[in-house]
Structures are given as structure tokens and as C-alpha cells.
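The values are calculated or read from the model by the stated rules, or taken from the named source; none is laboratory data. Only a predicted model underlies this, so the values are computations on that prediction, with no experimental measurement involved. Because the Cβ atoms are built from the backbone with ideal geometry, glycine has one as well, and the counts that use them run over all protein chains shown. Heads up: the accessible areas ignore ligands, DNA and RNA and are worked out on the full protein's heavy atoms, side chains in. Shrake-Rupley method; radii C 1.70, N 1.55, O 1.52, S 1.80 Å.
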Amino acid sequence: MYESFEPLVDRRPRWVLLANAARARVIGRDPDTGALRELESFVHPASRLHASALGHNRPGAVVRGLGHSTLEPPLAPEARERQRFAHELARRLELLALGHHLPCWALVASSPFLGAVRHGIGPQAAERLVAHHDRDFTGLPLHQLEPRLRQMLPPGPVVD
């Protein structure tokens, strides 16, 4: 499905991951027409649910090991779901990078989801990340997205 890319010969972004806590889209250029196209999309509906629909949140969990215990800070169910989705995206990117199917890419995501994805990506995907911006463009149609990407990203195949 994905073409293979030479490792880091060209540091210009060829893909853009647009993401928020509930939806993500991978955008690239169609090799035949040059138009932007959606290469892959992800939806995480649990991120939009209320805490009551996600289950109860206990005040903390005791971690045992090496003869001591630590009380971990509580994590709201909504935050757990955001972390889960960020981890899923990061894992997908790392697998693509390990298979030489991830070109240099840019991340455009809402805050704090941007940080969750950046923190979760592995070393191979991180090496190919060339730009990141705190914006939520997940709902924009491709024709509205193109001029915004041109303004914020360095020149490259995805924005040229």
C-alpha cells in the first residue's frame, strides 16, 4: 500500500499527520495529479465520550515492586483515552518508519494532543519528523488545507 522511501535523503516533509484527540488524517500528494490526498485516517470515538460513559476513575493505583509502593496520580478517563489514541498513532508511525515506508513528515495537532503524540513516537519516526505545529486542521477539506499548510510548513513535496 505504501511506497518505500530512502532513509532521510530529503528532509522536506512529504506527509502531514493532522490530529486531535478523536481523529487523525495522513495527508500526502497524489503522484499522478499532484493534488493533496488523504492517505490514511483514524477515528477514536472513545475520546469524545463523557467520563461517565468511559467507566469509573479510581483515585490512584498502587504500584508494587522492589519492596516499595508508589501512588500514581489519578488519570481522568478522557485523558486515558487521549493517551491511548496518541499511543496508537505513534505506534503506527514507528512501524511505518521501521519498514522504510515513512518519509519525512510534519505533525499538525491540537494541544495537548501534539505533545502526547510527540512524546509517544519511537526513535525511527522521530528522526523523520521535520516540523510540528499546534493547530487543529482535522476537519478542514483538502482545498482549504493546502494554503494553510503552505504558510506553516517548510517547502517540500507536500506543500509545493
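Could you run through the stretch 120-160 and say how many residues are assigned to a loop (DSSP other than H, G, I, E, B) and either more than 20 Å from Phe42 (Cβ to Cβ) or modelled with pLDDT of 90 or more (or both)? It would help to see each step written out before you state the result.
In the first step, residues of the stretch 120-160 are kept if they are assigned to a loop (DSSP other than H, G, I, E, B); the result is 121-122, 135-141, 153-160.
Keeping just the survivors that are either more than 20 Å from Phe42 (Cβ to Cβ) or modelled with pLDDT of 90 or more (or both) gives 121-122, 135-141, 153-157, 159-160.
The total comes to 16.
Please find, within the stretch 103-134, the residue that is farthest from Val16 (Cα to Cα) out of those that are over 11 Å from the mean Cα position of the chain (by Cα), charged (D, E, K, R) and surrounded by fewer than 18 Cβ atoms within 10 Å (Cβ to Cβ).
Only one residue fits best here, namely Glu127.
With the structure loaded, tell me whether Val117 is in contact (Cβ under 8 Å) with a residue 24 or more places away in the chain and not in a helix (DSSP H, G or I) or whether it fails that test.
Considered against the rule, which asks whether it is in contact (Cβ under 8 Å) with a residue 24 or more places away in the chain and not in a helix (DSSP H, G or I), Val117 comes out as no.
Run down Arg12, Arg37, Arg48 and say which single residue is within 21 Å of the chain's Cα centre (by Cα), surrounded by fewer than 18 Cβ atoms within 10 Å (Cβ to Cβ), over 14 Å from Phe113 (Cβ atoms) and at pLDDT below 90. Break it down stepwise before answering.
Working: Arg37 fails: at pLDDT below 90; Arg48 fails: over 14 Å from Phe113 (Cβ atoms).
It is Arg12.
Considering the stretch 29-46 alone, what residues qualify as being in a strand (DSSP E or B) and over 11 Å from Val158 (Cβ atoms)? Spell out how you get there, then give the answer.
Applying the first criterion (in a strand (DSSP E or B)) to the stretch 29-46 yields 29, 36-43.
Across the stretch 29-46, the qualifying residues are Glu38, Glu40, Ser41, Phe42, Val43.
In the stretch 81-91, which residue that is of a type in the set (Lys, Arg) and touching a residue at least 40 places away in the same chain (Cβ under 8 Å) is most open to solvent (accessible area, probe 1.4 Å)? Can you show your working first?
Filtering the stretch 81-91 for residues of a type in the set (Lys, Arg) gives 82, 84, 91.
The next check asks that each one be touching a residue at least 40 places away in the same chain (Cβ under 8 Å); those that pass are 82, 84.
Numbers: Arg82: 88, Arg84: 126 Å².
This residue is Arg84.
If you check His100 against the conditions, is it in contact (Cβ under 8 Å) with a residue 12 or more places away in the chain, open to solvent by 50 Å² or more (accessible area, probe 1.4 Å) and at positive phi? Please lay out each step first, then the result.
Numbers: in contact (Cβ under 8 Å) with a residue 12 or more places away in the chain: yes; open to solvent by 50 Å² or more (accessible area, probe 1.4 Å): yes; at positive phi: yes.
Answer is yes for this residue.
What residue, among those in the stretch 141-160 that are over 22 Å from Asp32 (Cα atoms) and in contact (Cβ under 8 Å) with a residue 40 or more places away in the chain, is most open to solvent (accessible area, probe 1.4 Å)?
If we filter the stretch 141-160 for residues that are over 22 Å from Asp32 (Cα atoms), which is where we start, we get 148, 151-154.
When the remaining residues are screened for being in contact (Cβ under 8 Å) with a residue 40 or more places away in the chain, the result is 152-154.
Values: Met152: 33, Leu153: 13, Pro154: 53 Å².
Ranking the qualifying residues of the stretch 141-160, first place goes to Pro154.
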